[in-house]
Structure formats: C-alpha cells, structure tokens
Amino acid sequence: MLSFFKKTSDKEIIKAPISGKCIPLEEVKDEVFSSKMIGDGIAIDSTGDIVYAPADGTIATIVSSKHAVGMQLNNGVEILIHVGLETVELKGEGFTLLVNVNDKVKEGTPLIKIDRAFIESKGMSLVTPVIIIESEKYDIDKCAIGQEVYGGKNTVIEYKMK
C-alpha cells in the first residue's frame with residue numbers, strides 16, 4: 001500500500017567537482033585513468049576554475065604539486081579528484097589550495113582554484129578524472145555522461161555497496 005512513497009534507492013551520490021562536460025573515464029587520454037588502474041569513475045572536460053568538494057568528507061591527501069586531492073567521504077568511501085593530465089609537471093604552479101589535509105569539508109566547499117589561462121598556455125589538458133578508489137566494492141552508476149555539469153551542483157555518480 002502506497003509503495004510509491006517508499007525510498008527506492010539506497011544509493012549515495014558524488015557531485016561534479018568542477019564545471020564542464022562529463023565524459024567516460026575510458027576516453028581520458030591517460031592510460032592510468034582510462035584503464036581504471038586506480039578505480040572507476042568519470043571525467044569532466046572542465047570549463048571551470050574552482051574545484052569543489054563533491055560530497056561531505058575529510059581531505060585525506062593533497063599531492064605536493066597541488067593538482068590532486070584525495071578525500072575520505074563521511075561514509076568511508078575514498079575518492080580522488082585529479083585536475084588535468086600531466087599537470088604534475090607544473091609542480092604546483094597554476095593551482096591555489098583552499099584546504100589542508102585533515103580539513104573536514106561539506107559538499108560544495110571550494111578545494112582548489114585553477115589558473116586556467118596559465119595551465120592552458122602550457123598546452124595542458126584540464127580534463128579532471130573523479131575516481132572511486134576500490135571501486136570493485138561498489139555498484140556505480142555514471143549518471144551524467146555526455147552532459148554539461150556545474151561544479152558543486154550536478155550529480156555525476158551514484159553508487160552503493162555491493
């Protein structure tokens with residue numbers, strides 16, 4: 001009776017950490033990501049200049065070159081946001097960190113500011129993979145492939161424990 005009022009999904013969500021077009025991870029021109037060596041997820045061909053927390057959690061790691069952030073979400077899931085391809089070569093130039101390791105953040109909190117003009121002047125891609133680490137533990141729905149998404153606003157991944 002009135003079953004349509006029951007919750008039909010126990011899926012968790014990950015929002016877009018940056019604005020741009022959501023693309024399949026397999027299309028990323030870096031084998032580490034396209035082969036899902038680190039985990040499964042999506043990528044965003046970014047147009048934005050701010051990286052936002054895609055869910056509530058804690059900043060677990062920040063790569064010294066400031067282009068990648070690892071988060072442990074409040075539910076224990078670990079994710080990686082990797083801004084650009086080969087941007088490690090910039091040694092932090094073009095990136096301004098807005099958080100520190102161990103900071104607790106809410107969904108939508110700004111994490112990194114990007115100097116797009118500088119990074120693009122170096123001929124580097126700002127495609128941004130968003131990876132669920134140990135993704136084999138989860139059923140993952142990549143729900144925004146092919147769509148324009150806005151950082152901190154649109155859901156790009158839904159997942160639940162297998």
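Numerical summary
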{"item": "Filtered residues of segment 32-77 (kept if under 14 Å from Pro129 (Cα atoms) and acidic (Asp, Glu))", "result": "Asp40, Asp45"}
{"item": "Glu107 acidic (Asp, Glu) and in a loop (DSSP other than H, G, I, E, B)", "result": "yes"}
{"item": "Any hit, segment 142-161, residues being of a type in the set (Asp, Glu), open to solvent by 80 Å² or more (accessible area, probe 1.4 Å) and at positive phi", "result": "no"}
{"item": "Residues of segment 47-70 satisfying the condition of being closer than 24 Å to Ala117 by Cα, open to solvent by 50 Å² or more (accessible area, probe 1.4 Å) and either in a loop (DSSP other than H, G, I, E, B) or among the hydrophobic types (A, V, I, L, M, F, W, C) (or both)", "result": "Thr47, Asp49, Val63, Ser64, Lys66"}
{"item": "Sole exception among (1) touching an Asp or Glu at 6+ places or on another chain (Cβ under 7 Å); (2) under 18 Å from Asp139 (Cα atoms); (3) not acidic (Asp, Glu) for Met37, by number", "result": "(1)"}
{"item": "Every pair of residues 6+ apart whose Cβ atoms lie under 6 Å, when the first sits in segment 109-131 and is of a type in the set (S, T, N, Q) while the second is open to solvent by 40 Å² or more (accessible area, probe 1.4 Å)", "result": "none"}
{"item": "Qualifying residues in segment 142-154 (those that are within 10 Å of Ile44 (Cβ to Cβ) and part of a strand (DSSP E or B)) - the one nearest to the chain's Cα centre (by Cα)", "result": "Val149"}
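For every residue, the table says whether it meets (1) at negative phi; (2) not in a loop (DSSP other than H, G, I, E, B).
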position	(1), (2)
Asp45	yes, yes
Gln72	yes, yes
Ile79	yes, yes
Leu85	yes, no
Asn102	no, no
Ile112	yes, yes
Glu120	yes, yes
Ile132	yes, yes
Ile140	yes, yes
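The values are calculated or read from the model by the stated rules, or taken from the named source; none is laboratory data. Remember, it's a predicted structure, so these values are computed and weren't measured experimentally. With ideal geometry, Cβ positions are generated from the backbone for all residues, glycine too; neighbour counts draw on all protein chains shown. Just so you know, the surface numbers come from the protein's heavy atoms only, side chains and all, with ligands and any DNA or RNA stripped out. Shrake-Rupley method; radii C 1.70, N 1.55, O 1.52, S 1.80 Å.
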